[in-house]
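Since the structure comes first, as structure tokens, the remarks are kept for the end.
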There are 4 protein chains.
Amino acid sequence: MERGFDIVKAGHIELLVTDLGEARKFYVDILGFVVTESDRSHVYLRGLEDRQHHCLILTRSDSPGVGHFAFRVSSEAGLKAIDKLAKASGVYSRWKESGEERGQGRALLIEDQFGFPVEFYAKMASEEWLLQKFQRYRGAKVMRLDHFNIMHPDVASAYDWYVNKLGFVCTEVTETEGKKPELWAAWLRRKHTCHDIALTTGKGPRVHHAGFTVADRASIMDAADLLASSGYLKSMERGPGRHGVSNAFFLYLRDSEGNRIELYTGDYISADPDWVPLRWKLNDPQRQTFWGAPTPASWFNEAMFVRSPKNGKFQQVSLPKIKDRPDYLLNAG
Amino acid sequence: MERGFDIVKAGHIELLVTDLGEARKFYVDILGFVVTESDRSHVYLRGLEDRQHHCLILTRSDSPGVGHFAFRVSSEAGLKAIDKLAKASGVYSRWKESGEERGQGRALLIEDQFGFPVEFYAKMASEEWLLQKFQRYRGAKVMRLDHFNIMHPDVASAYDWYVNKLGFVCTEVTETEGKKPELWAAWLRRKHTCHDIALTTGKGPRVHHAGFTVADRASIMDAADLLASSGYLKSMERGPGRHGVSNAFFLYLRDSEGNRIELYTGDYISADPDWVPLRWKLNDPQRQTFWGAPTPASWFNEAMFVRSPKNGKFQQVSLPKIKDRPDYLLNAG
Amino acid sequence: MERGFDIVKAGHIELLVTDLGEARKFYVDILGFVVTESDRSHVYLRGLEDRQHHCLILTRSDSPGVGHFAFRVSSEAGLKAIDKLAKASGVYSRWKESGEERGQGRALLIEDQFGFPVEFYAKMASEEWLLQKFQRYRGAKVMRLDHFNIMHPDVASAYDWYVNKLGFVCTEVTETEGKKPELWAAWLRRKHTCHDIALTTGKGPRVHHAGFTVADRASIMDAADLLASSGYLKSMERGPGRHGVSNAFFLYLRDSEGNRIELYTGDYISADPDWVPLRWKLNDPQRQTFWGAPTPASWFNEAMFVRSPKNGKFQQVSLPKIKDRPDYLLNAG
Amino acid sequence: MERGFDIVKAGHIELLVTDLGEARKFYVDILGFVVTESDRSHVYLRGLEDRQHHCLILTRSDSPGVGHFAFRVSSEAGLKAIDKLAKASGVYSRWKESGEERGQGRALLIEDQFGFPVEFYAKMASEEWLLQKFQRYRGAKVMRLDHFNIMHPDVASAYDWYVNKLGFVCTEVTETEGKKPELWAAWLRRKHTCHDIALTTGKGPRVHHAGFTVADRASIMDAADLLASSGYLKSMERGPGRHGVSNAFFLYLRDSEGNRIELYTGDYISADPDWVPLRWKLNDPQRQTFWGAPTPASWFNEAMFVRSPKNGKFQQVSLPKIKDRPDYLLNAG
């Protein structure tokens, strides 16, 4: 089913930070996100390719983590249909009025069955397109948000929710080893790229990272050089390298509070209606890094906690049903 | 309207050549297209990112030009709906049986109101994905078909057909100078990129070029070096350079019979439901080449003739209604 | 002879400008040269790879052009030997005291037999190396000076002076067409690259351009994008493209007063003692641009006038002995 | 002293392999070295930028390792002067007649004081230059040999030999930590790049690697992709990444027998006569990899054994005087 309540794409993410000034320095001064607007508690950021108000919100908080992540839907009717689905599924939902989040129209915020804070919105203020204002390019020259990657204790159920209920298309999967392989991770898309959201087996609900697109491999190399010479050596957790899954070129970064983003470029167009998911085995050494480099254990063990839409508290996490982990971890923790 | 009879993307193009061996040398040995299969009169080619049987057919013919170009549709139902629309619009259509074109399911071939041979198909044989078989990369390392660009004597009517009837979304337009600007060219998409088809004012029906995606700017530079040292200096008609429209990096090539393709990389994702077309003026020197280099007159004056689906003869061409031409042509013809 | 009075490399050039503020904007704000120091009438600039005080001086003047260009020599003894050679050759010379040019030790300034103002120096103040201060990279990310290219009415005599007297090594030559080919241009080096100075047949004494090295092709593309979106579209005179001679990737720029520099990358190491000059014919279409693009006539006809070390006036120019010009000029003037 | 017996550059290296067919596959079919000629026991290879007969010899042997490494000297007189120095220094030397090594003139082979087999030669047959034959580019598109890196038990003595006797120039050093820093490694050059030979403290005499230049970072990324998809995943030992020392971008490879080469690009021009060596501390995490990635222990512990010019046997190795090792090793062995 290609319809998907007209969900269009991964839209934006709200990262929580205790030191808004330091976060602004990292995301704006170093990485080159563009400030659309800001107030005492928030900075609203967009990429050079964005025509929308924001793809990243930095929000002052007592603790780092994720406030919510959001998908853009093509119409108000789509929002209502999702609200109806949520109610029918026993999922908590509430409407955010237009402007409750700066630049955004009326939006539906849900706490899904697994505790994730997910927002759906149809309207957002348009902003000046900077794609050809090359004099505005800075740092990692971030273009736009590409995807979310979440750590989930029950990937099979999440897959059912995203694919069979919300209409996402599966492009790639990872399965456990052995005679009865189980679904260990899935890459799902609405827009015509590799993914808008990836579901990975792990303690959750947590958000592993948000992936932001850059123009090319050179941008990632240049960002690594810049971070390394600007006092942000420790921010580079993994990469640069090429992924097996997605084929993209990547660099994973942690901000000073541990929030994680990915610089990402070079996946593929997945518009074909007969797309059969690509299948990877959990222990394939080229699955995560096509060049075979081991993945640091921190990358597997650590992720961002999420805040409950119901009560504003950080969610408790549960262990995953599937215990399998790749055996090529660098310093297994 | 986002539905568009579930048209998914620009799918493939059939180029007519009198010397199939020479054409194979150019497209396969030099540019690196992958041969899926061939017979005495055809070579079926795909790109490294394609999972489908072909995106380019070379067909032996008495004269160069275009046999047809084709859009992929997501289902048989979509094909039938287009057939119904064609009949209601007084447009010639006929069904091609499964296998009439190698690797392709049942397809609908129309001669549109303007004489263009346009095919719609829903099914195509799947082929091995070579995206991560880097040992297969050759020449220009062509990834996939991106778009068609057609020379049209009546862009306004074509715009109505593609946008209002077939459901394409307009991403960018060029307008004539003066107080009452007219639509001079339009970039239209179904997949979430800048375009699947561009309509340009000119003598038609003719196909100006088919655009094929490569991975990055370096691939285009490398292709230019390779062509220049392999006896194909004259094949490079325009570029490398950056476009204003689409923001893509490009190189235009002519095969030995004058058929034109574009190597293309680096446009943008256009999934937003509220996308407002970007507007360019005809004489903006940065519209075609962002760096301001003049465009050779051959690029404006020459294009590929198309064969009628009705009778197999090449179509007569008409002069466009709008006479305006950019005033920055290099050697205006 | 490899000794060459221990001449080490092309060292720096003094460009004359009438509007020092506008020049500073172009070279510093846009192109990213680093300011070492400045006063009311001069800005001393270096590249990111330079460990020396300056490779480019902008000097306020009544008229644009070149004050002098300079070669670095490895010792004071080398300077004295050149002075001796100058006197023996009837060439005007005078000593500049240490500090007469900021940051520079005692230097020998000559007006060569052809009227060119050429300086030789052995000592220059050391400055902080910014090669790994990636946070300082801006604009075209200029690394260092690579070479000078001069328009000369008598290339054969200049060749004799530079090669047989000063000890330069010839890496490439261009010869006229016909049965008795004459030397039309020569590329000469002291450091182990393609050249430190190129001699080209033309009205002279004039300096055609100074070539500055950037890290890679991407830096040149990025510079073109930046110039095109910053109001400097007209500054791009020729390129980007690849040279036949030198194999380098290039972009030629004119500042607002017409002074010309080249962004240059990717030539070769020429250290071999048995290096035989590569030979090009004047009309080879790949000689200047390997991809065959025609060269604008302005590039051939225009060059920078030079100031006499004797009297500070701009030199009169003479027509070259050899009248041959390439026949692929774009708009021959 | 810049003279250095007119030593010009690192010239070539002879790698010993037990399986010449497999080695040829790796170096020629995968990495793209060009075969100049071959016989039953040798393959003579050059890079795309080479105008000389070979920069790499593969020689059939009972055991892998290094037969000899060689520096090019500008004249026969230089060879004789080195022979005189060798004799005066009590160093073993013998002359190889012209043609004893294919394509090479008379050469001097020494076993230096530390057991290394070092050759000096002044003449080598010229070969077709392939730099602009882009149709010949394959695999990693290797351009030329850049440098040798040797593991030495006594770097201070080796430094004295190379700098004070043979006339190399020191561009960078690594020193041990502590109040009385000792010389731990040195980068020395004759040609105007970062180095022709690096001396590193370790068990020796062994050769750590030979560094070969490629055109740019993209070539290294592409090589990594190619190796990873061609069954050579295990060949990639370290990288891609950027060095602190030399600033070059790198990828270290092991052939199937453990011989190690480096793909290398992007260092600097070091021609300045007043060059002061850049100084690094042994434990600086950015010294080896500017981006801070740890270095695999194998990279530190393993190196190529060398064959004695005197008796053709592999040399015994000694422990270094200085025991310090960087503390950032990945899996210290």
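The values are calculated or read from the model by the stated rules, or taken from the named source; none is laboratory data. Predicted model only: the values in this text are computed from it and were never measured. Heads up, the Cβs are rebuilt from the backbone with ideal geometry, glycines too, and the neighbour counts pull from every protein chain shown.
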Please work out if residue D:252 is more than 23 Å from residue D:156 (Cβ to Cβ) and in contact with a Lys or Arg (Cβ under 8 Å, 6 or more places away or on another chain).
yes
Give the number of residues within segment B:248-258 that are within 12 Å of chain A (Cβ to nearest Cβ) and either over 17 Å from residue B:189 (Cα atoms) or assigned to a strand (DSSP E or B) (or both).
1
If I filter segment C:299-315 for residues that are under 25 Å from residue B:296 (Cβ atoms) and touching a residue at least 60 places away in the same chain (Cβ under 8 Å), do I get at least one hit?
yes
Sort through B:161, B:129 and tell me the only one that's within 29 Å of residue B:274 (Cα to Cα) and modelled with pLDDT of 95 or more.
B:161
Residue by residue through segment C:1-47, note down the ones that are among the β-branched types (Val, Ile, Thr) and either more than 26 Å from residue C:230 (Cβ to Cβ) or modelled with pLDDT under 95 (or both).
C:7, C:8
Being more than 20 Å from the chain's Cα centre (by Cα) and among the aromatic types (Phe, Trp, Tyr) is the filter here, so list the residues in segment B:100-159 that pass it.
B:129, B:134, B:137
Return the pairs, sorted by first residue and then second, in which the second residue is of a type in the set (D, E, K, R) and assigned to a strand (DSSP E or B), the first residue lies in segment D:161-174 and is surrounded by 17 or more Cβ atoms within 10 Å (Cβ to Cβ), the beta carbons are less than 7 Å apart, and the residues are 6+ apart or on different chains.
D:168/D:189; D:169/D:189; D:171/D:189; D:173/D:279
Given (1) closer than 30 Å to residue A:218 by Cα; (2) without any contact (Cβ under 8 Å) to a residue 60 or more places away in the chain, index of the condition residue C:200 fails:
(1)
Which of the residues that make up segment A:298-329 are farther than 17 Å from residue A:185 by Cα and surrounded by 15 or more Cβ atoms within 10 Å (Cβ to Cβ)?
A:298, A:304, A:305, A:306, A:307, A:308, A:309, A:314, A:315, A:317
Restrict the check to segment D:78-89 and report whether at least one residue is part of a loop (DSSP other than H, G, I, E, B) and polar (S, T, N, Q).
yes
Hits in segment C:259-297 - residues which are in a strand (DSSP E or B) and surrounded by 18 or more Cβ atoms within 10 Å (Cβ to Cβ):
C:260, C:261, C:262, C:263, C:264, C:265, C:278, C:280, C:295
Looking only at segment C:69-112, count how many residues are touching a residue at least 24 places away in the same chain (Cβ under 8 Å) and on the phi > 0 side of the Ramachandran plot.
1
Quick check on my filter: what residues within segment A:197-231 are surrounded by fewer than 23 Cβ atoms within 10 Å (Cβ to Cβ), of a type in the set (Ser, Thr, Tyr) and more than 10 Å from chain C (Cβ to nearest Cβ)?
A:200
Within segment D:8-27, tally of residues that are in contact (Cβ under 8 Å) with a residue 24 or more places away in the chain and outside any strand (DSSP E or B):
8
Per the filter on segment D:259-291, residues over 22 Å from residue D:223 (Cα atoms), free of Cβ contacts under 8 Å to residues at least 60 places away in the same chain and away from chain C (no Cβ under 11 Å) are D:284, D:285
With the condition kept exactly as written, say whether any residue in segment B:50-58 is assigned to a helix (DSSP H, G or I), in contact with a Gly (Cβ under 7 Å, 6 or more places away or on another chain) and within 14 Å of another protein chain (Cβ to nearest Cβ).
no
Whichever residue in segment C:126-144 is facing another protein chain (nearest Cβ under 10 Å) and of a type in the set (A, V, I, L, M, F, W, C) and, among such residues, is nearest to residue A:133 (Cα to Cα)
C:134
Any chance you could count how many residues in segment A:37-48 are surrounded by fewer than 21 Cβ atoms within 10 Å (Cβ to Cβ) and in contact with a strand residue (DSSP E or B) (Cβ under 8 Å, 6 or more places away or on another chain)?
5
Out of curiosity, is residue C:218 in contact (Cβ under 8 Å) with a residue 60 or more places away in the chain, closer than 20 Å to residue A:137 by Cβ and either assigned to a loop (DSSP other than H, G, I, E, B) or not charged (D, E, K, R) (or both)?
no
Every residue from segment A:223-243 that is closer than 26 Å to residue B:270 by Cα and either of a type in the set (Gly, Ala, Ser) or not in a strand (DSSP E or B) (or both):
A:223, A:243
Among B:203, B:179, which is the only one that is among the charged types (D, E, K, R) and in contact with a Pro (Cβ under 7 Å, 6 or more places away or on another chain)?
B:203
Checking the structure you have, find out if any residue of segment B:177-188 is touching a residue at least 40 places away in the same chain (Cβ under 8 Å), within 14 Å of another protein chain (Cβ to nearest Cβ), in contact with a Ser or Thr (Cβ under 7 Å, 6 or more places away or on another chain) and not hydroxyl-bearing (Ser, Thr, Tyr).
no
When segment D:151-185 is examined, which residues are found to be within 21 Å of residue D:288 (Cβ to Cβ) and of a type in the set (Ser, Thr, Tyr)?
D:159, D:171, D:174, D:176
Set D:108, D:79, D:58, D:130: member being among the aliphatic types (A, V, I, L, M) and farther than 26 Å from residue D:152 by Cα
D:130
Find the residue count for segment D:65-84, including only residues that are touching a Ser or Thr at 6+ places or on another chain (Cβ under 9 Å) and either surrounded by fewer than 19 Cβ atoms within 10 Å (Cβ to Cβ) or within 14 Å of another protein chain (Cβ to nearest Cβ) (or both).
1
Residues of segment A:240-255 classified as closer than 15 Å to residue A:297 by Cα and surrounded by fewer than 23 Cβ atoms within 10 Å (Cβ to Cβ), total:
1
